[in-house]
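Step one of this worksheet: look at the structure below.
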Amino acid sequence: MVLLALLACVGLTLLERPFDACSARVYERVEDVPACDVGVLLGTSPKSFGLDNLYFLRRIDAAEQLYRAGRIRKILLSGSSRPREGYDEIASMREALLAREIPAEALLEDGAGHRTILSILNLRDQFHLREAVVISQRFHCERAIYLADHAGITLCGFAARDVRGVHRVKRFLRETAARCYATLEAKSGKLSSQT
């Protein structure tokens, strides 16, 4: 049954190719990113198998670049915040950006962004924003834009440098499943406007 559901998701994703249209709204050069009040920095763990997580570091680099170039005025840190369990993406992102002398008043926090869909819904329903720049790797930006389109939010993305090597295999498998799930969530009506 699980295999059948997975095959259906893959088929749905391939048939629609829903993420292709989002790719054109992901920029790789700072100067190409439209100016916007808020950049949404999507969280990930700062460590992977005890080592620095390059996905995390490169997202921090990208957020810093956009802020210093004046393309965004605020950075919304969106991720999982579970300090009692010893896991806090928000605190890690805040610490990394403060260490780079990004002012504390430029940082907003969404500790309930445990998944990309929640980051998008919180952007709309908690922060009352209808447009923003999402900051992550290209594949993640495309998925966030796809979800935002279904939530009535205008989003473009700034692609942090990707990670090469063995990480790409894990990322491919995880992202394939995440895109299938995002397609199902979008079709289910979960992203319909509540406001």
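For the reader, a short list of remarks on this structure follows.
- Residues of the range 23-52 classified as among the small types (Gly, Ala, Ser), in contact with an Asp or Glu (Cβ under 9 Å, 6 or more places away or on another chain) and either loosely packed, with under 11 Cβ neighbours inside 10 Å or not in a loop (DSSP other than H, G, I, E, B) (or both), total: 1
- Residue in the range 95-110 that is at positive phi and either at pLDDT below 95 or not polar (S, T, N, Q) (or both) present: yes
- Residue check for ASP162: surrounded by fewer than 20 Cβ atoms within 10 Å (Cβ to Cβ) and under 18 Å from THR176 (Cα atoms): yes
- Residue check, ALA132 aliphatic (A, V, I, L, M) and within 14 Å of the chain's Cα centre (by Cα): yes
- Of everything in the range 65-101 that is among the basic types (Lys, Arg) and under 20 Å from PHE127 (Cα atoms), the residue that is surrounded by the most Cβ atoms within 10 Å (Cβ to Cβ) is ARG71.
- The range 147-157: number of residues that are closer than 12 Å to GLU185 by Cα and surrounded by fewer than 24 Cβ atoms within 10 Å (Cβ to Cβ): 2
- Looking at ILE135, ILE145, ILE120, just one residue is touching a Lys or Arg at 6+ places or on another chain (Cβ under 7 Å) and assigned to a helix (DSSP H, G or I), and that residue is ILE145.
- Checked against the criterion of being of a type in the set (Gly, Ala, Ser) and within 25 Å of ALA91 (Cα to Cα), the range 161-171 contains not a single residue that satisfies it.
- When TYR55 is tested against (1) part of a helix (DSSP H, G or I); (2) over 12 Å from the mean Cα position of the chain (by Cα); (3) farther than 22 Å from ILE153 by Cα, exactly one condition is not met: (2).
The values are calculated or read from the model by the stated rules, or taken from the named source; none is laboratory data. This one's a predicted model, so the numbers in the text were calculated from it and none came from an experiment. In this analysis, Cβ positions are derived from the backbone assuming ideal geometry, glycine residues included, and neighbour counts consider all displayed protein chains.
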